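The values are calculated or read from the model by the stated rules, or taken from the named source; none is laboratory data. Please read these numbers as outputs of a predicted model, since none were measured by experiment. Cβ coordinates were reconstructed from backbone atoms using ideal geometry, including for glycine residues, and neighbour counts include every protein chain displayed.
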Amino acid sequence: MDARLNLFTNAVAGKVLKHIISANKVIAGSTLPHETMELVKLRASQINGCGFCTDMHSKDAAAAGETQQRLNLVAAWREATVFTDAERAALELAEQATRIADAAGGVPDEVWANAAKYYDEEQLGALVSVIALINAFNRVNVIVQQPAGDYQPGMFG
């Protein structure tokens, strides 16, 4: 299976992705816990049906020390006892922001307030940004039908 478009050799898509990747590096340098970033990326990718990003972020999280049990339970985080209250707040924000079209009012105030209980201004900025960026990556990969399964942690940098 091949992607509809090679995102790395396409002049326009390649340049756009370089900027998105640069923005992602800024987020990675924030004080938002890396584990939280990977959980949020994984959950948004599951919701969006992005096989490539689901593969990538589950493998990146595992390579960074995340347990298989927690990775297995990301899709069912509400019923799982293995996530902290802060992680649960981040996952809820990620879900609401990823499904933004499903709610006429956008992300509910109570979801934002819950996240703000656990994360400071810098971390909230990083959280909002990582959710926006993973949704962008998901959409690009789903549109071009980027194949999933061959990703190896660290292969892009």
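No other residue among T9, T84 is exposed (fewer than 15 other Cβ atoms within 10 Å of the Cβ) and either of a type in the set (D, E) or over 19 Å from M155 (Cβ atoms) (or both) apart from T84.
Counting only residues that are modelled with pLDDT of 95 or more, part of a helix (DSSP H, G or I) and either among the charged types (D, E, K, R) or farther than 20 Å from A132 by Cβ (or both), how many does region 61-108 have? Result for region 61-108: 14.
Picking from residues in region 137-157 that are loosely packed, with under 15 Cβ neighbours inside 10 Å and part of a helix (DSSP H, G or I), the one that is farthest from the chain's Cα centre (by Cα) is I143.
Any idea which residue in region 26-49 is surrounded by the most Cβ atoms within 10 Å (Cβ to Cβ), counting only those that are within 24 Å of P147 (Cα to Cα) and free of Cβ contacts under 8 Å to residues at least 40 places away in the same chain? Once the filter is applied, the top-ranked residue is L42. Selection over region 45-60 of residues that are aliphatic (A, V, I, L, M) and either outside any helix (DSSP H, G or I) or closer than 20 Å to P33 by Cα (or both) gives a count of 1. Contact map, region 1-19: first residue within 15 Å of V142 (Cβ to Cβ), second residue part of a helix (DSSP H, G or I) and at pLDDT below 95, Cβ cut-off under 7 Å, separation 6 or more or different chains; pairs are L5/A13; L7/A13; L7/G14; L7/L17. If I ask for residues that are touching a residue at least 40 places away in the same chain (Cβ under 8 Å) and either in contact with a Gly (Cβ under 7 Å, 6 or more places away or on another chain) or of a type in the set (S, T, N, Q) (or both), which ones from region 55-69 would you list? The one that is touching a residue at least 40 places away in the same chain (Cβ under 8 Å) and either in contact with a Gly (Cβ under 7 Å, 6 or more places away or on another chain) or of a type in the set (S, T, N, Q) (or both): D55. Please verify whether F52 is touching a residue at least 40 places away in the same chain (Cβ under 8 Å), of a type in the set (F, W, Y) and more than 30 Å from D2 (Cβ to Cβ), treating the condition exactly as stated. No. In the set (1) under 28 Å from L7 (Cβ atoms); (2) in a helix (DSSP H, G or I); (3) of a type in the set (G, A, S), A116 fails one condition alone, (1).
So in region 107-135, with the set limited to residues that are among the small types (G, A, S) and touching a helix residue (DSSP H, G or I) at 6+ places or on another chain (Cβ under 6 Å), which one is surrounded by the fewest Cβ atoms within 10 Å (Cβ to Cβ)?
Of everything passing the filter in region 107-135, S129 is surrounded by the fewest Cβ atoms within 10 Å (Cβ to Cβ).
For region 121-134, the condition holds for at least one residue, the condition being that it is in contact (Cβ under 8 Å) with a residue 40 or more places away in the chain, part of a helix (DSSP H, G or I), closer than 25 Å to G29 by Cβ and of a type in the set (D, E, K, R).
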